[in-house]
Amino acid sequence: MMGSLNETRQPRKTARWISRLAPPNRLLAGLLALGGCGLLLLALPRLADNLSLLTITGLTRDHARPTAQATAGTERPLADLAAALGSPQAWRQAARASIAGGNYPAAAAALRQALRLAPGHADDWATLAALSDVGAVPPIEAVAAFERAVALQGFEPSFTPWLFSLGIRLWPVLPPSGHAAFEQLTWRQWQWGPGRLTEITRDARAELVIAPILAQDPAALADFERRLQLLGPLDQAR
């Protein structure tokens with residue numbers, strides 16, 4: 001209890017200390033404070049190496065709650081620092097902190113800044129698209145971001161299944177260009193991980209979406225149906 005009380009008082013003491021300084025010294029103190037934010041930025045973990053991606057699957061406010069307290073108050077300093085540095089990595093860190101804190105609109109804004117500076121990162125595009133799950137990104141923007149992610153990223157064992165799952169969730173709002181991107185992604189996942197594709201499809205009850213795509217290759221469709229039978233119905237598996 002004493003530790004938390006001291007932590008609460010410390011920022012107030014710092015603010016009073018800065019306010020008593022002469023104007024030039026206030027500027028110096030402000031720069032030192034900004035440097036402290038930089039240390040905080042570097043110290044932030046990668047949030048399971050890609051919280052903004054892999055652990056955001058099925059993104060919900062409930063998912064963010066366990067880490068929200070731990071990151072409370074860090075989003076704004078990180079966003080300010082990112083704006084000062086003009087670095088895409090700084091904006092990504094600000095986005096991750098906002099996701100962990102449940103501030104999804106701020107996360108989307110930070111990701112847009114990161115992508116403006118470095119548009120070649122598939123994981124940032126995919127994360128932006130995934131934020132549509134919680135209403136932080138409009139469907140039309142999510143679709144465009146999903147298409148960019150598919151175009152930029154080849155097969156990656158941890159990323160591609162997640163992106164495939166995201167594509168299933170976006171399927172109802174995908175235009176023809178989005179359907180083409182999802183079809184490409186489906187074959188990519190099937191080639192490298194047919195078992196995982198089948199599991200994701202069964203869990204999402206998306207057989208009617210995936211089967212017509214795989215039907216372009218009768219052998220692939222037959223293998224897919226065989227795998228589904230081996231997995232059994234979703235209710236039975238649970």
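The values are calculated or read from the model by the stated rules, or taken from the named source; none is laboratory data. Please read these numbers as outputs of a predicted model, since none were measured by experiment. Using ideal geometry, Cβ is built from the backbone for each residue, glycine included, and neighbour counts are taken over all protein chains shown. Keep in mind that these areas ignore ligands, DNA and RNA; they rest on the heavy atoms of the full protein, side chains included. Shrake-Rupley method; radii C 1.70, N 1.55, O 1.52, S 1.80 Å.
Data overview
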read-out	value
Inter-probe distance in nm under a simple model that places probes 7 Å from Cα toward Cβ, at Asp203 and Gln191	2.4
Full-stretch length increase - Ala222, Glu156 - with 0.36 nm per residue and alpha-carbon distance subtracted	21.2 nm
Cα extents of region 98-196 along the three principal axes, largest first (Å)	36, 25, 23
Surface share of carbon and sulfur [accessible, 1.4 angstrom probe, percent] for region 103-238	56
Region 111-174 and region 191-223: distance between their alpha carbon centers, rounded to Å	21
With DNA, RNA and ligands ignored, accessible area of Arg169 (1.4 Å probe; Å², nearest 10)	80
